[in-house]
Structure formats: C-alpha cells, structure tokens
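Note sheet for the following structure.
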Amino acid sequence: MARVHGGVAPAVDVVVIGAGQAGLSAAYWLRRRGLDFVVLDADDAPGGAWRHRSPSLGVESLHRIFDLPGMPFTPPPSGPAATVVAGYFREYERAFDLPVRRPYPVHEVTRAGGGLRVGEWTAGAVVNATGTWRSPYVPYYPGIADFRGRQLHYAAYRGPQEFAGRRVLVVGGGNSAIHVLAELPGAYWVTRREPVFHEGEFTEDFGRSVVAQVAERVAAGLPPRSVVSVTGLGYTALAKAALARGALVRHPMFDRLVPGGAVWGDRFEPFDAVIWATGFRADLAHLAPLHLREPGGGIRMLGTRAAREPRLHLIGYGPSASTVGANRAGRDAVRSIVAGGMLNPVERAAH
C-alpha cells in the first residue's frame, strides 16, 4: 500500500510503467516478494499493445504467445487476437489483484533524493515496461513526401476492407508485413533484404538463444536490433496461407516514391497506398531526463539495469522485447531490486 509522508508524493518500493506482457510479469513477481508497488498504464483498459492490433488478426494466426507467470493462456480456437489476449490480461490482473492505475500516461521520470520520481509517485526502483507500440517507425526514402496516395504505418492498419480495389505497396520484412500480405494477396511486397523463414517451432530454448544475441548489443550501449532480425520469420498459419496463395513474392526496395507510385531505375509501378510495416522503436522518451544514452546511441544494460541509473530496470527492451524474453526479464528485474536493497527511499530515511 502506498504511503504518504508529510504531504510529499506517495512513496512505494517500485513503480512499474506499463501493463503489457513485461509489466504484468514484473508485477507478479513483485507481488510474490511482498513489495509495495504500483503499475501505471497509459491505456484506459487492460491488454497492452494487443488491444490496439487490427481486428482482422485472429488468435489462431499468431506466433506462440507465452503464458504469463502463474496463469496459463488457453485461447479459444478462433477470435480477434486483440480481444482474446486483452481478456487474458484483464483476468490476470484480477486473479493476482495487481494494483494497476489507468489511464496514467507517464511523461517523465526524474531523480528525487535517494529514489526516482514518476508522476505523483516516488520509488526506490522503477521497472520500465513501455514496449514499442506507441513508437511506430517509418524510415525516410526519397519521394516519401511526394506520394499522393494514402500512407500509413502497420500500427494504423485495421484490415483489408479499407483497401478493396486499390493497389497497395507493402514495405517491410517482418511478421507485420506477413499479416498484411496474407489479407491483401494482390499487394506488392518490397524489403531491403531477402526475408529468411525459420524452420521449426519457436520454443523457449530457441527464444533464449535469440535473447542472448540481442543482449550483446545492448550490453555494448548500441541500439537493439529487432528480435525478428535474429529469429527470421516463422511459418505461422498466416504465412503458410499466404505462401499457398502465392502472396509472398518479395521484390527489392524501390529507388524512390513519386506522386502516383514507385520507381525502380526506369521502371514505374502505380500504387494507391503504401503500408509501412517497418517496425517500432522503444518508447523511452519519458526517460530522457535521466540521460541514459551512450555514445553509440543505445542504453547500456547490466542485466535488466540501466548502467547510468541502477535504480531503473528496462524490460521489454532489446533482449526482452519478445514474450519469452519479457517474462524472464520481469522476474530478473525483481530479483535484482531485492538483492540490491532498492526499497522505498522515504521509508529508508524514516529508519
């Protein structure tokens, strides 16, 4: 239970920012350890990024969704992933009586005495689990401002019905592009590199090897690579269906966009819309006051801790930006907080 001392901000041992897979995992372990904490979530309902996915994405089409700790995920055979996964998160919060405050957008995290300040709260440690969904990435390409058709990032994609009868250019080599192509079999697919499909199941052991590879970059203070850049694309139900229909015909990246389409050398192709399935970046703008960036552009990590601020733990970032990685990182962050004695600074001063 949060404590208020002498009219100052309410104080807790830990503030968790974000109530997606990583944030809920951390909250579970904080509850198990008996620590005083609060989870601050910018959305107005449970579900994290899942609740914002296109309603056309069915749960039966997903890559494996790893269980949250302590409560298995048993999805129905079909149904919108946005609804099904959000429902699982909602029940999880209820089952473990997690103290989630929403909607509570966090605009900045600052140092305050012996702890950190997050909105109205002070804490001995902060677990940042804000993920990437709110930071869609669209790279610059020549002519991007000249194209007169519709342009949107995958984050705004809501299904094939809005593109009926239109010629669509899909840019990107990840699972988001596969989703769009499976629903728009006439779309024209371009990527910078030839896509690589991963044979076999995405198991926890495979996930751990992927996490280790991504971790090397963040340990060096470099921006993390996307998980799919290491794993390759899986043969999900969507991918198999798209392959069977001949929808996954990849073309090299265009040279530039022009008002009515795209150009490769002297060749022109007309398009009515461009869907940028080009990924996301870590949503970390609220951490800017802590000055965490290294010369290489990334945040150097020591386990889950930020090297420049040991009271801050980043999960759902870099090596933990996948469901299996997020679960492990939530547990590891709580272990590190307990081992380091990072409790409520107000309480420590009172003693």
How about segment 108-147: which chymotrypsin sites (Phe, Trp or Tyr not before Pro) there lie in a loop by DSSP and see at most 13 other Cβ atoms within 10 Å?
Y140
What is the sum of charges around F254, taking Lys and Arg as +1, Asp and Glu as -1, for the other residues whose C-beta is under 10 Å from the C-beta of F254?
0
So, in nm, how far is label E108 from label E120 when the simple model puts each one 7 Å beyond its Cα toward the Cβ?
1.9
Quick check: net charge around W50, other residues with Cβ under 12 Å of its Cβ, Lys/Arg +1 and Asp/Glu -1?
+2
If you place +1 on the Cβ of every Lys and Arg, -1 on the Cβ of every Asp and Glu, and leave all else neutral, what size is the dipole of segment 65-134 about its Cα centre, to the nearest 20 Debye?
220
Determine the sum of side-chain charges near V118: Lys and Arg each +1, Asp and Glu each -1, restricted to other residues whose C-beta is under 12 angstrom from that of V118.
+2
I need the calculated FRET efficiency for the pair T74 and E194, taking r as the beta carbon distance and R₀ as 45 Å, to the nearest 0.05.
0.75
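Read-outs: derived from the displayed coordinates by stated rules, not from any lab. What you see is a predicted model, and the numbers here were worked out from it, not measured in a lab. All Cβ positions, even for glycine, are placed from backbone atoms using ideal geometry, and neighbour counts span all protein chains on display.
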